[in-house]
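> Okay, here's the structure, questions in a sec.
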Amino acid sequence: MSFRRSAQDAILSISLCSVRLHTSTMKTNPNNRGWVVRAVLLTFVATVLVSTAFGYGPEGHQTVGAIADKLIANSPNTVAHVRALIGNETLEHASTWADDCKYNFNPHDHDMVAFVSANSHVQGSNGPHDHHAYHYTDIPIQETHYRAGSVGAKPIDVVHMLRNCIAIIEGHNNATNNPTGITQKTALRLLVHYVGDIHQPLHVGTAYFGTNAQLVNPSSTTGAQADGGGNLIEFHGTNLHVYWDTTAVQNAMAAANVQTPRAFARTIIRNPPPGWETSSFISGWAVKWANEVLPIATEAFNKLTFRVNPPGWSAQASNLAAYDKWAAAQVRTEIARAGYRLAAILKKIWP
């Protein structure tokens, strides 16, 4: 983890964090989406540039990749197939590629150019193959489990994309699960990243607000407004999404007395996370993980109180130190599970 506190680091965190300025669920009224996106962008940039920046953007995802690198090292066939697709690139390094497609585009990376062109994102649009939307799902925190027909679920959300990436890597892709021609190499890089994303609670559960900052279920409340994955909620000197992407990870790494993803991975491997194994067919694992993470997202919101703060809301914890400690513990466990589960996927595909 970098401890430099500069505008350059702040800009880097914008380019790499899994911050989702998505347009389809920020407001249930489509006429409001344009100004919400602009407001969120301006608010987020201003917030990050004037605050201390610690980019989860690489650290959380790279820790997941580093764990998997270590766990597949004793499986020669798995390693051989990974190397055949991405060469000498480690999973730790590959873990940030999907975010680079959004915020650190490299026109000299032919794989990136092809992926972004075929899965294009247009600000303010709601395209059927918008790669920005592949990183998350927006299930209301009142739900008890992920449903494909739920408010906030989409055919291109992170649950579906994890399943699609696995099918593509296995060579089972078709017009339904791979309409934009994602290659196996790109699917592997996406898989590494999306496994991390689905273990971040605010990439799964979303708060919807009624009047007076009341948490409501959009399935039964007309005009409910989505929180943009926490990006519209000011909290702890930043916004709630950045808190879970950055501050909670920073606290978890500090508690482990480590400063790099690889060191964090070594610490985690010495004490494997409980309950990381996933039963049933591999194609159903993403749904199980979303179901596991959704209650954490619910608790993350229920531990806070909210007030209206245009264009969104502000949140406050009654005991910030206790919230910090709890969130750091959740993040450590979920990052650890993500690393072990990524390795398990790869070993199952290439035993």
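The values are calculated or read from the model by the stated rules, or taken from the named source; none is laboratory data. Worth saying up front: this structure is predicted, and the values here are computed from it rather than measured. Neighbour counts are summed over all protein chains in view; Cβ atoms, including those assigned to glycine, are modelled from backbone coordinates with ideal geometry.
> What tally of residues in the stretch 173-207 results from selecting those that are out of contact with any Pro (no Cβ under 9 Å at 6 or more places or on another chain) and farther than 18 Å from ALA336 by Cα?
Final tally of qualifying residues: 17.
> If we only count helices (runs of 4 or more DSSP H) wholly inside the stretch 65-121, which ones have 2 or more residues that are under 26 Å from THR260 (Cβ atoms) and at pLDDT 95 or above? Please lay out each step first, then the result.
Working: elements: 76-86, 91-94, 97-103, 110-118.
Fully inside the stretch 65-121 and qualifying: 76-86, 91-94, 97-103.
> State the number of residues belonging to the stretch 85-125 that are polar (S, T, N, Q) and surrounded by fewer than 15 Cβ atoms within 10 Å (Cβ to Cβ).
The first filter runs over the stretch 85-125 and keeps only residues polar (S, T, N, Q), leaving 88, 90, 95-96, 104, 106, 117, 119-120, 123, 125.
From what is left, the residues that are surrounded by fewer than 15 Cβ atoms within 10 Å (Cβ to Cβ) are 88, 106, 117, 120, 123, 125.
Residues in the stretch 85-125 being polar (S, T, N, Q) and surrounded by fewer than 15 Cβ atoms within 10 Å (Cβ to Cβ): 6 in total.
> Determine whether ALA167 is of a type outside the set (Val, Ile, Thr), in a helix (DSSP H, G or I), modelled with pLDDT of 95 or more and over 23 Å from ALA94 (Cα atoms). Walk me through how you get there before you give the answer.
Values: of a type outside the set (Val, Ile, Thr): yes; in a helix (DSSP H, G or I): yes; modelled with pLDDT of 95 or more: yes; over 23 Å from ALA94 (Cα atoms): no.
Here the answer is no, as ALA167 does not meet what is asked.
> Name every residue in the stretch 209-234 that is among the aliphatic types (A, V, I, L, M) and buried (at least 22 other Cβ atoms within 10 Å of the Cβ), in order of residue number.
ALA226, LEU232, ILE233
> What are the residues in the stretch 188-205 that are assigned to a helix (DSSP H, G or I) and of a type outside the set (Val, Ile, Thr), if any? Spell out the reasoning first.
So in the stretch 188-205, the residues assigned to a helix (DSSP H, G or I) come out as 188-197, 201-203.
Once the filter is applied, which keeps residues that are assigned to a helix (DSSP H, G or I) and of a type outside the set (Val, Ile, Thr), the stretch 188-205 yields LEU188, ARG189, LEU190, LEU191, HIS193, TYR194, GLY196, ASP197, PRO201, LEU202, HIS203.
> Could you figure out which of (1) of a type outside the set (Ser, Thr, Tyr); (2) surrounded by fewer than 19 Cβ atoms within 10 Å (Cβ to Cβ); (3) under 27 Å from HIS132 (Cβ atoms) isn't true of ALA256?
It fails just one condition, (3).
> Right, next: Only one residue in HIS61, HIS108 is within 16 Å of the chain's Cα centre (by Cα) and under 25 Å from THR180 (Cβ atoms). Which one?
Details: HIS108 fails: within 16 Å of the chain's Cα centre (by Cα).
Going through HIS61, HIS108 in turn, just one is within 16 Å of the chain's Cα centre (by Cα) and under 25 Å from THR180 (Cβ atoms): HIS61.
> Any residue in the stretch 166-186 that's without any contact (Cβ under 8 Å) to a residue 60 or more places away in the chain: show its pairings with residues that are hydroxyl-bearing (Ser, Thr, Tyr) at Cβ separation under 9 Å, as long as the two are six or more apart or on different chains.
Here the result reads ILE168/THR183; ILE168/THR186, each pair linking the stretch 166-186 to a residue that is hydroxyl-bearing (Ser, Thr, Tyr).
> Quick check, is HIS131 in contact with a Leu (Cβ under 8 Å, 6 or more places away or on another chain) and modelled with pLDDT of 95 or more?
It is false that HIS131 is in contact with a Leu (Cβ under 8 Å, 6 or more places away or on another chain) and modelled with pLDDT of 95 or more.
> Taking ILE268 as the residue in question, decide whether it is farther than 24 Å from GLU59 by Cβ, out of contact with any strand residue (DSSP E or B) (no Cβ under 8 Å at 6 or more places or on another chain) and aliphatic (A, V, I, L, M). Lay out the reasoning, then the answer.
Working: farther than 24 Å from GLU59 by Cβ: no; out of contact with any strand residue (DSSP E or B) (no Cβ under 8 Å at 6 or more places or on another chain): yes; aliphatic (A, V, I, L, M): yes.
Answer is no for this residue.
> For the stretch 11-21, state whether one or more residues are farther than 21 Å from THR260 by Cα and at pLDDT 50 or above.
For the stretch 11-21, residues farther than 21 Å from THR260 by Cα and at pLDDT 50 or above: absent.
> Go over the candidates ILE349, ILE269, ILE335 one by one and state the one that is on the phi < 0 side of the Ramachandran plot and surrounded by 19 or more Cβ atoms within 10 Å (Cβ to Cβ).
Numbers: ILE349 fails: surrounded by 19 or more Cβ atoms within 10 Å (Cβ to Cβ); ILE269 fails: surrounded by 19 or more Cβ atoms within 10 Å (Cβ to Cβ).
Being on the phi < 0 side of the Ramachandran plot and surrounded by 19 or more Cβ atoms within 10 Å (Cβ to Cβ) holds for just one of ILE349, ILE269, ILE335, which is ILE335.
> Give all pairs with beta carbons closer than 6 Å in which a residue from the stretch 271-291 that is in contact (Cβ under 8 Å) with a residue 40 or more places away in the chain meets a residue that is surrounded by 10 or more Cβ atoms within 10 Å (Cβ to Cβ) and part of a loop (DSSP other than H, G, I, E, B); count only pairs at least 6 apart in sequence or on separate chains.
TRP285/THR278; VAL287/TYR146; TRP289/ILE198; ALA290/TYR146; ALA290/VAL204; ASN291/HIS145; ASN291/TYR146
The rows are residues; the columns are (1) touching a strand residue (DSSP E or B) at 6+ places or on another chain (Cβ under 9 Å); (2) closer than 24 Å to ASP99 by Cα.
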| position | (1), (2) |
| --- | --- |
| HIS203 | no, yes |
| ALA207 | yes, yes |
| LEU215 | yes, no |
| SER220 | no, no |
| THR238 | no, yes |
| THR246 | yes, yes |
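> Would you mind finding the one in GLU92, GLU143 that is acidic (Asp, Glu) and more than 24 Å from ALA224 (Cα to Cα)? Before the answer, list the steps.
Numbers: GLU143 fails: more than 24 Å from ALA224 (Cα to Cα).
Criteria check complete, one pass: GLU92.
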